[in-house]
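The values are calculated or read from the model by the stated rules, or taken from the named source; none is laboratory data. Small disclaimer: the values here were computed from a predicted structure and weren't measured. Methodologically, a virtual Cβ is constructed for each residue, glycine included, from the backbone with ideal geometry; neighbour enumeration extends over all protein chains shown.
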Amino acid sequence: MKWLPLLSPNYNIRLLNQIGEFRKGVKFLRTVLKHEKIDLLIAHGAPAGAMASKALKGSNIPYLVTLFEPHADYMLESGVWCKLGLKYIMQRQWEKLQKDNAAGLMPVTEGYKQRLLSEGLNVNKIAVAPCSVEVTSFRFDLELRTDVRRALGWEFMTIGIYVGKYGGLYYSDEAFQIYRQCFEHIADFRLIILSPQPKEEILRQLQYYSIDLSKVYISAVGHTEVPAYLSAADFAFATYKQGPSKRYLSPVKIGEYWANGLPVLLTESVGDESDIIKKEGGGALFNLKQKGSVAQAIQQIQAILKDPIHRQEIPKLAAKYRSPEKIREAYEYFFNQQKAT
């Protein structure tokens, strides 16, 4: 294995940096392909696939795109890009080129595979490879649960946990409104927020929605520390913004929540997980456009928590749907195809 780093240019304007990085990356990739005698190129994600598609124009070298998602649609629906913006227009075009020219695509959801098939793509060039989770790394630990809850002084409370950012793909104000409803409907509710965002911003949101700060713990911890806090919690939040493209997400955090045995309070129509929860359990769904939906979902979570074996049953969903084995199978499928050509 050889590591060949691609260093970004250092312009003061971010857009110039991104354009420069793309152009430099294409040129560098062409050089690598020529001198290293590459037989197959693997691009990790649709943005990387754009670079691969450009670099391989006129070449007979096949390429695969992992984590293939409607990236342009994600950014548009989240308000990060606008429909007439250059980034959106170019990314949409690049995604079309990848659909037409890539030897294989690995979408992260069964839902997106079905959409690609409806667009006329050959089933033989698609293999689903969801974002995986090492289930054993996130498994429930009773000793860690006891330690964290004792340290917080919340030994006998019902604890909800959120891990991640606010804004972009995720609800911001709406998430805090959901937290407030949890405090209203669950008498002994407490909240853990693990987020890289500035603590001051989160505190302002909590105060704005009249949430008692003494009942909330906020921290930014390393990834290896997250399982201890998940073990301390009783259920988890996955508050993604709604939108047509969100059905094609494969949220890593849900796999980690499930691996720990936590039922998830999830936005309706997000990823394959929404359908999984409807059919097999593992959480409850809410839709902010439907009055009373959050309160009903909270009641469903409380019902799950009363099941004495839910903490042992929910990790089976992570093992079934988020195992790294699924990624290995997808790679093996395409590698075997290439051997046969």
(message) Among the numbered criteria (1) among the aliphatic types (A, V, I, L, M); (2) buried (at least 21 other Cβ atoms within 10 Å of the Cβ); (3) at pLDDT below 95, which one does Ala187 miss?
(response) (2)
(request) Hey, could you check segment 280-301 for residues that are under 17 Å from Ile159 (Cβ atoms) and in contact with a helix residue (DSSP H, G or I) (Cβ under 8 Å, 6 or more places away or on another chain) and say which is surrounded by the most Cβ atoms within 10 Å (Cβ to Cβ)? (result) Gly283
(message) Restricting to segment 159-175, count the residues that are closer than 20 Å to His71 by Cα and either assigned by TED's automatic domain parsing to the domain that holds Gly79 or not in a strand (DSSP E or B) (or both).
(response) 6
(request) Return yes when Ser323 is assigned to a loop (DSSP other than H, G, I, E, B), in contact with a helix residue (DSSP H, G or I) (Cβ under 9 Å, 6 or more places away or on another chain) and not acidic (Asp, Glu) and no when it is not. (result) yes
(request) Specify the residue that is surrounded by the fewest Cβ atoms within 10 Å (Cβ to Cβ); the eligible residues are those in segment 60-87 that are within 23 Å of the chain's Cα centre (by Cα) and polar (S, T, N, Q). (result) Ser78
(message) Looking only at segment 249-269, filter to residues that are within 10 Å of the chain's Cα centre (by Cα), buried (at least 21 other Cβ atoms within 10 Å of the Cβ) and of a type in the set (A, V, I, L, M); which one of those is modelled with the lowest pLDDT?
(response) Leu249
